Amino acid sequence: MPAGGLIECQGLTKQFGSVRAVDGLSFRAEPGRVTGFLGPNGSGKTTTLRMILGLVRPTTGLATIGGARYQDLREPLRQVGAVLDTAGFYPPRSARDHLAIGARLLGMPESAADAALAWVGLEGQAKRKVGGFSLGMRQRLAMASALLASPDVLLLDEPANGLDPAGVHWLRGFLRSFAATGRTVLLSSHVLAEMAQTVDEVVVIHRGRLVAQAPLAGLLAMATQGVRVRSPEASRLVGLLSGAGVSSRWITPDTIIVESVGSEWLGGVMADQRIPVFEMVAVTPSLEEVFLKLTGSAGE
Amino acid sequence: MSSYPRSSLALRLVRAEMLRLRTMRSLWLVAAIGLLEVVLTTLGEVLPRSGGGAALGPSSVQRAMGLPASATIWVAIMGILVVTVEYRHATATGLFLATPRRLVAISVKAVVTLGFAIGYALLLIGVTLAISVPVDASRHEVLISDPASALIITLEVVVVLGLFALIGVGLGAAVRNQVAAVLGFVGWIVGVDGVLAAILADHGLGAVVPYLPSEASFGLTTSLGSLSVGGVHLLAPVPAGLVLLAYVAVLGLIGCLVTVGEDVT
């Protein structure tokens with residue numbers, strides 16, 4: 001694994017006037033993993049990404065990539081690819097010229113721009129002005145620009161915005177394969193269902209502060225809500241559980257959710273009592289539910 | 001990683017900036033307006049008038065060569081646009097991701113814009129020659145009576161346009177807002193500068209007037225004939241050039257401080 005890909009934030013704080021956008025934030029995004037960066041609107045995600053990339057100066061704290069601040073990297077474009085906002089294109093400039101500027105900066109032949117356009121499926125739009133591009137096309141162009149030099153680290157802010165289902169599918173597959181080669185992905189998105197299928201690790205922030213950092217599977221397991229059981233003798237089971245001090249709630253006339261127990265224990269009880277089981281499933285919340293619970297932002 | 005040969009970082013930055021400028025529509029639009037102005041001014045000066053006779057004297061070609069000096073306002077706007085377009089279209093993010101040492105990024109812009117302005121100045125002089133030489137030749141007049149003066153005029157035009165392009169870059173970096181920077185500059189040159197000069201002259205501070213930007217640019221091009229404007233004696237070309245260079249330095253310093261100190265959000 002390339003050690004150069006570790007993203008590390010230590011006590012990152014940013015004060016804009018009287019507003020503390022980011023407050024003592026510390027987390028790591030490891031090489032070989034896709035790290036999801038989650039938070040409600042205005043929670044400080046974009047400010048944090050911009051601090052990591054040296055575009056916003058932290059009030060206190062330090063953000064490093066491979067142990068160095070972004071602005072101290074020798075060849076930043078070769079080491080880090082970033083997609084921050086799709087508005088960052090000069091509208092009258094063609095897609096090819098946008099990438100050709102990047103190619104020149106990297107000392108690459110301009111034919112690299114054509115290859116990158118083909119790679120994101122925009123080869124037919126090379127001479128078209130970016131001002132006429134849809135949001136999804138701009139996202140693809142931004143991705144092409146970020147990946148022009150095949151960097152070790154990717155920082156992406158809402159990269160799935162505007163992508164069609166095929167584009168989202170392609171992006172998910174690409175990020176998984178990118179991380180599988182030992183490289184680092186830090187990904188911010190509001191599309192939590194999509195994030196749940198893409199990320200290995202989750203960093204959740206709220207009001208500029210770290211709320212949680214954990215592997216996705218661990219985070220979901222910690223928030224497991226109970227076991228859903230469908231049985232023709234559900235009423236008898238509820239009575240037994242109540243007697244044992246285990247709470248449950250009805251979902252349908254023959255289905256209940258038993259809270260705060262594991263399926264192994266519950267299965268044993270039902271077997272002992274010869275209660276027939278039609279269905280028994282551990283109820284795991286969605287990433288969205290976990291996120292809303294962690295940030296308390298359901299109503300925001 | 002790639003296997004192609006890499007050029008030096010400075011060369012790569014310059015080549016990338018040249019492509020940025022080449023593909024900047026607003027830059028070429030302003031350049032075209034400046035060119036049109038110089039063409040029309042030259043035609044107006046060179047072509048025979050309805051009353052007969054040429055507008056200029058025997059050294060009309062030489063004098064026509066100085067007309068592009070009036071394009072200072074256009075090259076300054078070009079300099080402003082080169083920087084402010086990055087903020088207006090949020091491409092500053094990409095610019096500073098590629099070149100996180102922001103002073104380097106702005107310096108490269110200044111160098112490439114200076115080169116562009118020099119080329120533009122030479123183009124404008126070439127256009128005035130292309131218009132005035134055939135007219136004077138048809139009158140069998142002496143085309144260039146004093147080659148040394150012609151060379152000096154060329155140099156003065158190149159220097160004044162180059163310095164105003166740099167003033168534009170510095171102003172653009174300092175203000176960042178494209179509309180405010182362009183309107184502010186045009187407002188200064190078209191109105192404030194003249195009003196300020198008049199106020200200073202009325203209050204016994206006429207000695208300061210030659211140091212104002214417009215008057216300094218006139219001083220830099222005194223080889224074109226004017227030694228005074230509105231009764232104020234202009235600076236000689238070299239001191240006037242140094243005054244303009246001081247404006248470049250001050251605006252460049254402010255622009256650098258803003259560029260380095262401000263967040264890119």
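The table for this structure:
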item	result
Residue satisfying all of: in segment A:1-33; surrounded by 16 or more Cβ atoms within 10 Å (Cβ to Cβ) and among the β-branched types (V, I, T); farthest from A:D157 (Cα to Cα) among these	A:T13
Residue under evaluation A:L55, criteria (1) in contact (Cβ under 8 Å) with a residue 60 or more places away in the chain; (2) within 20 Å of B:K109 (Cα to Cα), criterion not met	(1)
In segment A:137-159, the residues that are in contact with a helix residue (DSSP H, G or I) (Cβ under 6 Å, 6 or more places away or on another chain) and more than 25 Å from A:G54 (Cβ to Cβ)	none
Residues of segment A:39-56 classified as surrounded by fewer than 18 Cβ atoms within 10 Å (Cβ to Cβ) and either modelled with pLDDT of 95 or more or among the small types (G, A, S) (or both), total	1
Unmet criterion (only one of (1) in contact (Cβ under 8 Å) with a residue 24 or more places away in the chain; (2) surrounded by 15 or more Cβ atoms within 10 Å (Cβ to Cβ); (3) in contact with a strand residue (DSSP E or B) (Cβ under 6 Å, 6 or more places away or on another chain); (4) under 15 Å from A:V281 (Cβ atoms)) for A:A234	(1)
Residue within segment A:67-76 that is in contact with a strand residue (DSSP E or B) (Cβ under 6 Å, 6 or more places away or on another chain), more than 9 Å from chain B (Cβ to nearest Cβ), in contact (Cβ under 8 Å) with a residue 12 or more places away in the chain and not in a helix (DSSP H, G or I) present	no
Segments classed as helices (runs of 4 or more DSSP H), wholly inside segment A:227-300, with at least 3 members that are more than 31 Å from the chain's Cα centre (by Cα)	A:234-243, A:263-272
Selection from segment B:235-265 of residues that are at pLDDT 85 or above and assigned to a loop (DSSP other than H, G, I, E, B)	B:L235, B:A236, B:E262, B:D263, B:V264
Residue under evaluation A:G36, criteria (1) in contact with a Lys or Arg (Cβ under 8 Å, 6 or more places away or on another chain); (2) crowded, with 17+ Cβ neighbours inside 10 Å; (3) of a type outside the set (F, W, Y); (4) more than 11 Å from chain B (Cβ to nearest Cβ), criterion not met	(1)
Flag if A:F16 is within 11 Å of another protein chain (Cβ to nearest Cβ) and farther than 20 Å from A:N161 by Cβ	yes
Entirely in segment B:85-202, the helices (runs of 4 or more DSSP H) that have 2 or more residues that are at pLDDT below 90 and more than 14 Å from every other protein chain (Cβ to nearest Cβ)	B:102-138, B:147-175, B:193-202
For A:L210: the one exception among (1) at pLDDT below 85; (2) surrounded by fewer than 20 Cβ atoms within 10 Å (Cβ to Cβ)	(1)
Some residue of segment A:101-115 being in contact (Cβ under 8 Å) with a residue 40 or more places away in the chain, surrounded by fewer than 22 Cβ atoms within 10 Å (Cβ to Cβ), among the acidic types (D, E) and within 13 Å of chain B (Cβ to nearest Cβ)	no
Matching residues in segment A:78-87 - criterion: being facing another protein chain (nearest Cβ under 7 Å) and crowded, with 22+ Cβ neighbours inside 10 Å	A:A82, A:L84
Residue under evaluation A:A95, criteria (1) more than 22 Å from B:M24 (Cβ to Cβ); (2) more than 7 Å from every other protein chain (Cβ to nearest Cβ); (3) at pLDDT 95 or above, criterion not met	(1)
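The values are calculated or read from the model by the stated rules, or taken from the named source; none is laboratory data. Computed from a prediction, not measured in an experiment: that's the story for all the values here. With ideal geometry, Cβ positions are generated from the backbone for all residues, glycine too; neighbour counts draw on all protein chains shown.
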